[in-house]
Amino acid sequence: METEIKPPLWLLLELTHKCPLECSYCYNQLDFAGTKDAMSKDDWFKVMEEARAMGAVQLGISGGEPLLNKDIVEIVKKASDLKFYTNLITSGVGGEPGILKKLKDAGLKTIQLGIQSHDENTMTLITNNKTAFRDKIAFAKEVKELGMQLIVNTCITRQNIHQVGEIIEFADSLDANYLEVANIQYYGWALENINALLPTQEQLDEAKRVTDYYREKRKDMKVFFVVPDYFATRPKACMNGWGSTFLTINPDGVALPCNTANTLPLDFPNVKDSSIKEIWYDSHAFNYFRGDKWMKPTCRTCDEKEKDFGGCRCQAFALTKDMHEADPVCDKSSYHNVVIKKVETALKSSNEPIYRNKQNSLLFINK
């Protein structure tokens, strides 16, 4: 299977990995707070110019918490001038007063706001932040007062899955344009916390039933439901295929095919050393999982390989320690039993979530 290399369509700028929250389901690697903010404003400008020249049209701005980057307004203005469609992916916590108006005036199109629950106690439990609830509500109200599009994203875990109906009503009360009910993917902190987070199949079925009811009922607010991996028998086509659509730049300037790819034993290029075009078309890392030559027989001989591309490389590595293996979610994988055992263990557990060390986290944020 030879792969035609098409230009990236979606560019994601991770402006910082600083974050005022400690969400127990965070997909970032365990040491993500050690990533330095090494990119200057001009470095980000160069990345956007080069990606846009290649044909990228969608620009996501995320983190950590991107509102903590002092250059965010100028970065959004530059993106708007380049005719990107811009989407801010934010916790809504930590921005300076008046930042939303400045971002709108700079050309920001859409806000994607993470809201973990309609209930303050549940949100505090999940984020380990006592002001998150009121900060997020105030942020969402300001978004709508400014006439901007609001997407609410709710990551579903054992702590809030029973609240799906209330969360949908809550998002509707905030006048959200879209709601994404997202079953989390187990990487980084989420995998560390799986015994505290994983819901049961029965809970997932009920959450899906409730969501489907509201999807039919709420014609004015679109509701999406992201299906979980660990109760599936076939993997997702992660990021539409490695190096096919998405390009992420992290705060160090490292270019990645997906947010968590630097957990793999590959040497990823840096935008300070190479152009986006060189990275996308010529780098060893971006070409490594294109096509099927890397695949082991289980995937290479599978008639579904052009649908799922062997599944997620990061998940395969996290669960098997071999990034070339089929994603263990797939029941054709010789490691599928690893997923089954993880589910069995998690569902027997009543662990409390593990948070990043609060003192170290705050010290990092304040540097």
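Side notes on the structure shown:
- For the stretch 172-277, averaging the sequence separation of C-alpha pairs within contact (under 8 Å, six or more residues apart) and dividing by the residue count gives a relative contact order of 24 percent.
- Accessible-area ranking of 280, 242, largest first, probe 1.4 Å: 242, 280
- Once the C-beta distance of residue 273 and residue 349 is scaled by a Förster radius of 45 Å, the resulting FRET efficiency is 0.55 to the nearest 0.05.
- Value of [θ]222 nm, deg cm²/dmol, for the chain, DSSP H segments ≥ 4, -39500 (n - 2.57) each, nearest 500: -10500 deg cm²/dmol
- Spatial offset of the stretch 269-315 relative to the stretch 65-84 amounts to 30 Å, using the alpha carbon center of each.
- Interchain or long-range residues, amide H under 5 Å from residue 224's placed H: 179, 180, 181
- Within the same chain, aspartates and glutamates fewer than 8 places from residue 36 are excluded, and of the rest, those with a Cα less than 13 Å from its Cα are 14, 252.
- Each residue, residue 102 and residue 287, gets one label point 7 Å from its Cα in the Cβ direction; the gap between the two is 4.3 nm.
- Among the listed pairs 77/130; 70/109; 78/101, those beyond 21 Å (Cα-Cα): 77/130
- For residue 58, net neighbour charge (Lys/Arg +1, Asp/Glu -1) across residues whose Cβ lies under 12 Å away: +3
- For the chain, the solvent-accessible area with a 1.4 angstrom probe is 44 square angstrom per residue.
- FRET efficiency estimate (nearest 0.05) - Cβ-Cβ, residue 338 to residue 203, R0 22 angstrom: 0.50
- If the chain linking residue 41 and residue 145 were pulled fully straight, counting 0.36 nm for each residue of separation and taking away their Cα-Cα distance, it would gain 34.5 nm.
- Straightening the chain between residue 175 and residue 227 buys 16.3 nm, computed as 0.36 nm per residue apart minus the Cα-Cα spacing.
- Residue range of the chain that is longest and free of GluC sites (Glu not before Pro) which are both DSSP loop and sparsely packed (at most 15 other C-beta within 10 Å): 5-303
- Candidate lysines - alpha carbon under 19 Å from residue 307, same-chain residues fewer than 8 apart omitted: 6, 236, 293, 296, 332
- Charged-residue dipole, Cβ positions (Lys, Arg, Asp, Glu), the stretch 211-358 about Cα centre, Debye nearest 20: 400
- Gaussian network model of the chain, Cα within-10 Å springs - most flexible of 351, 183, 87: 351
- Surface share of carbon and sulfur [accessible, 1.4 angstrom probe, percent] for the stretch 29-142: 52
- Within the accessible surface of the stretch 184-341, defined with a 1.4 Å probe on protein heavy atoms only, the carbon and sulfur portion equals 51 percent.
- The antiparallel fraction among DSSP beta bridges confined to the chain stands at about 10%.
- Were the residues from residue 70 through residue 240 laid out at 0.36 nm apart, the gain over their Cα-Cα distance would be 58.0 nm.
- The alpha-carbon of residue 217 sits under 19 angstrom from the alpha-carbons of these lysines, leaving out residues fewer than 8 places away in its chain: 208.
- The stretch 116-149 and the stretch 159-184 have Cα centres spaced 12 Å apart.
The values are calculated or read from the model by the stated rules, or taken from the named source; none is laboratory data. Remember, it's a predicted structure, so these values are computed and weren't measured experimentally. For neighbour counting, all protein chains shown are included, and Cβ atoms are generated from backbone atoms with ideal geometry for every residue, glycine included. The accessibility values were calculated without ligands, DNA or RNA, using every heavy atom of the protein model including side chains. Shrake-Rupley method; radii C 1.70, N 1.55, O 1.52, S 1.80 Å.
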